[in-house]
Each structure stands twice: as C-alpha cells, then as structure tokens.
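Report on one structure; see the data block that follows.
Bear in mind these aren't lab numbers, they're just calculated from the coordinates by the rules spelled out. Quantities reported herein were computed from a predicted structural model and do not represent experimental measurements. Neighbour counts run over all protein chains shown; Cβ positions are idealised from the backbone, glycine included.
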Amino acid sequence: MAETAVKDMDEAALADLVHDFFGVPRDLLHPTATFDDLGLDSLALMELMVVLEERSGGELLDRLMDLSPASTLRTAAQVVKDAASAVGTATATPVPTS
C-alpha cells in the first residue's frame, strides 16, 4: 500500500481515500466527479474532513469548510493540499492509499 502525505494530496490519492472509507466504486472516482455524484452528503464530507485532519496532525477543519457536496475531487484535493501547506503539516502523518 502506497502512502500519500496530506500535504501532497492529489485527485488519485483522494479518490483512494474515498473508496477506502466510503466504498465508492472506483469507476465513479474521477477528477470532475462531485461528492454529490458519489453519493456523499455533507455529513459524509465532514467525516472525510475529520479523517484528513487526524492524519495531517494539524488543524485543517476551518480551512476545509469551503468544501461541499458540489465540490469536485480535483477541487477538494487542491483545497486539502493548500490547507495542509498553510498549517505547516510538512511532516504530517501520511494518508494510506491503494
């Protein structure tokens, strides 16, 4: 299993995380898919944000609050990456990916 640090999150790593935690079929996981397209509501999105914050070792939630079910995986990956960089999680705990 490869690992991606939260600060290096890209669409593929986020897609792996969504697949692993929510069981979303891989064929639905593409950069322009929205969380809504994937069947993830705002509660599921909050769960994902908590997982990302726990794995980053930093306080990301405030910086991730702009994400919504209408956000794409591409947008979300960039927001996560920017948030992690902004809070200085360069040595954060890696997020395991497939």
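Annotations for the structure displayed:
- For the stretch 41-86, taking the reciprocal of the average inverse distance between every pair of different Cα atoms yields a Kirkwood hydrodynamic radius of 10.4 Å.
- Gain in span if fully extended, R74 to L43, counting 0.36 nm per residue against the direct Cα distance: 9.2 nm
- 15 Å cut-off, amide nitrogen to a point 7 angstrom out along E54 Cα→Cβ, residues in the stretch 1-41: 17-18, 20-22
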